[in-house]
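**Q** Dumping the structure here so I can ask a few things about it.
The values are calculated or read from the model by the stated rules, or taken from the named source; none is laboratory data. This structure is a prediction, so every number in the text was calculated from the model and none was measured. In this analysis, Cβ positions are derived from the backbone assuming ideal geometry, glycine residues included, and neighbour counts consider all displayed protein chains. For the accessible areas, the whole protein counts, side chains as well, though only heavy atoms, and no ligand, DNA or RNA atoms are used. Shrake-Rupley method; radii C 1.70, N 1.55, O 1.52, S 1.80 Å.
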Amino acid sequence: LLEKVHNGDGEVAYFIGSLFKQGVDNEYQTIPQDNQAAQHWFEKSAELGYAHGMYETGLMLYRDKKWQAAKKWLQQAADVGIGDAFYRLAYFHVYGVGGEAVDCQKAYDLFAQAKIRGVRYAYNDWAWMLATQPDKNCRNGHQALKIMAELESEFGRQRMPWSMIDTKAAVLAEIADFN
């Protein structure tokens, strides 16, 4: 595997990073969970151009609050179409992470890109923001209701998670203008 990585195989580096991220303990091998080693291999994967390595590197850096480095890798992952990267990038504009300006419209555009790529939590968080943002220019209960209806259709006959049902309640409250 190391020879494959040495020859430029980013997918193999990602695989090694995944082993360290999760850890392995079976009858053939034991690899202890090691976030530092996982990050090393994900970064190697990202540097070799593997999209999922870019996303995992960005995600780990985000969790470590290394905002600028995280944004760099998340943006590169988004540039090649990773839906979850759009979702994570939205939070830079929702909360002003890493010194970014709070900008609900940029956040909504990024949530829309994640939604197009099937990231269910993007639907939920976008609807939540549309229903609950203190800035009236960022609120739109009817658009939030439409997004929630689309999310419900994604689940079909399955019940949505409670956190999403809570969002639906907030959306309905916004439309009814409850104080």
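**Q** Residues of the stretch 1-152: accessible area per residue at 1.4 Å, in Å²?
**A** Numbers: 8210 Å² over 152 residues.
Roughly 54 Å² per residue, with all protein chains present.
**Q** Next question, about the same structure. So how do 26-39, 46-59 stack up, highest first, on mean other-Cβ count within 10 Å? It would help to have the intermediate numbers written out before the result.
**A** Values: 26-39: 11.6, 46-59: 22.9.
Output ranking for 26-39, 46-59: 46-59, 26-39.
**Q** Moving on. For the stretch 108-113, what does the Karplus curve 6.51 cos²θ - 1.76 cosθ + 1.60, with θ = phi - 60°, yield as ³J(HN,Hα) per residue in whole Hz, taken in order and with x for Gly and Pro?
**A** Working through the residues one at a time gives 5, 4, 5, 4, 4, 5 Hz.
**Q** With a 1.4 Å probe and all protein chains left in place, how much of the accessible area of the chain comes from carbon and sulfur atoms, in whole percent?
**A** Numbers: 5070 of 10280 Å².
Carbon and sulfur atoms account for 49 percent of the accessible area of the chain.
**Q** Once a ≥ b ≥ c are taken as the square roots of the eigenvalues of the Cα gyration tensor of the stretch 69-179, is the result rounded (a/c under 1.5), prolate (a/b larger than b/c) or oblate (a/b not larger than b/c)?
**A** Numbers: a/c = 2.48, a/b = 1.33, b/c = 1.87.
Taking the square roots of the gyration eigenvalues as a ≥ b ≥ c, the stretch 69-179 is oblate.
**Q** Specify whether the C-alpha gyration tensor of the stretch 6-45 places it in the rounded, prolate or oblate class, a ≥ b ≥ c being the square roots of the eigenvalues: rounded for a/c under 1.5, otherwise prolate if a/b is larger than b/c and oblate if not. It would help to have the intermediate numbers written out before the result.
**A** On the way: a/c = 3.22, a/b = 1.63, b/c = 1.97.
Judged from the Cα gyration tensor, the stretch 6-45 comes out oblate (a/c at least 1.5, b/c at or above a/b).
**Q** Which lysines does residue 115 reach when only Cα atoms under 22 Å apart count, and residues fewer than 8 places away in its own chain are ignored?
**A** 71, 72, 106, 146, 168
**Q** Give the aspartates and glutamates whose C-alpha is closer than 14 Å to that of residue 136, dropping any in the same chain fewer than 8 places away, or say none.
**A** 103, 174, 177
**Q** Indicate the gyration tensor shape class of the stretch 51-93 (rounded, prolate or oblate), computed on the Cα atoms with a ≥ b ≥ c the square roots of the eigenvalues: a/c under 1.5 is rounded; otherwise a/b larger than b/c is prolate and the rest oblate.
**A** Numbers: a/c = 1.86, a/b = 1.28, b/c = 1.45.
In terms of gyration-tensor shape, oblate.
**Q** A follow-up question, please. Report, largest value first, the span of the C-alpha coordinates of the stretch 1-116 along each principal axis, in whole Å.
**A** 50, 25, 24
**Q** So who's got an amide H within less than 5 Å of the one on residue 24, skipping anything under 5 residues away but keeping other chains? H placed 1.01 Å off N, in plane.
**A** 31, 33
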